[in-house]
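What follows is a single structure, written as structure tokens, with notes after it.
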Amino acid sequence: FKPIQINKDLMIVPHWHKTEDDMDYIKIIPGMAFGTGNHETTQLIISNMINYIKPGYRVLDLGAGSSILGIAALKFQAQEIIAVEYDQDCKDNFVENMELNNFHDKYTLLIEDVLLYQNYDVDLILANINKNIILDLLPNIKRYRNNKSKIILSGLLVNDRDDTINLINKLNF
């Protein structure tokens, strides 16, 4: 696990890495949870989040893993993160990483199936999950979200594109 440069101002680093004052960092304790920033889908979602997030946004992170996307959103001035993660084993790592980055009270972590979640009254929805979950999730998002929220999907393969775009069009997103 080596440092990962997201943009000129932000870097993801392991918690043992020495940091300097001229850069902002997301510090991560690698653990059982998915997400150290090394995966291309994580880097893509963070890079795109920069273009859509605004100060004060409420962000929903579906499949939150290690909390890396939630931490990035808070670094980009989100007001609050609601994180939904199915895997109970991720809970401790998620909380450790939030605390390590000094976000003690700006998040809610729910351990539940993202396909059963129904409160999409947020400004930005993040889902870095595989195609099958995304395809099952999109109708729920359509049914329960407000119309102002933006959605960033990642975790898809190139050959998943047509199926995903077809469903997005069918649901009139």
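FYI, it's all coordinate maths here, none of it is from the lab. In this text the structure is predicted, and so the values were computed from the model without any measurement. With ideal geometry, Cβ positions are generated from the backbone for all residues, glycine too; neighbour counts draw on all protein chains shown.
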**Fill in**
Expressed in nanometres to one decimal, the distance between label points 7 Å along Cα→Cβ at residue 148 and residue 173 is 2.0
**Message:** Can you show me the helix-derived [θ] at 222 nm for the chain, built from DSSP H runs with n ≥ 4 at -39,500 (n - 2.57) apiece and divided by the number of residues, rounded to the nearest 500.
**Reply:** -9500 deg cm²/dmol
**Message:** Using Cα springs under 10 Å in a Gaussian network model of the chain, which residue among 116, 44, 100 shows the largest mean-square fluctuation?
**Reply:** 116
**Å³ per residue enclosed by the Cα convex hull of the chain** = 111
**Message:** Test of understanding: given the chain, find the longest segment containing no GluC sites (Glu not before Pro) that are in a DSSP loop and have at most 12 other Cβ atoms within 10 Å.
**Reply:** 21-111
**Prompt:** Tell me, in nm to one decimal, what length is gained between residue 132 and residue 119 on full extension, where the rule is 0.36 nm per residue of separation less the Cα-Cα distance?
**Reply:** 2.6 nm
**Item:** Beta bridges per DSSP with both ends in region 1-153, % antiparallel, nearest 5
**Value:** 10
**Request:** Using amide H atoms built 1.01 Å from N in the peptide plane, name the residues 5+ places from residue 154, or on other chains, whose amide H lies under 5 Å from its own.
**Result:** 127, 128, 129
**Complete:** With R₀ set to 25 angstrom, the calculated FRET efficiency between the beta-carbons of residue 159 and residue 7, to the nearest 0.05, is 0.30
**Using a Förster distance of 25 Å, the FRET efficiency for residue 21-residue 105 (Cβ separation, nearest 0.05)** = 0.50
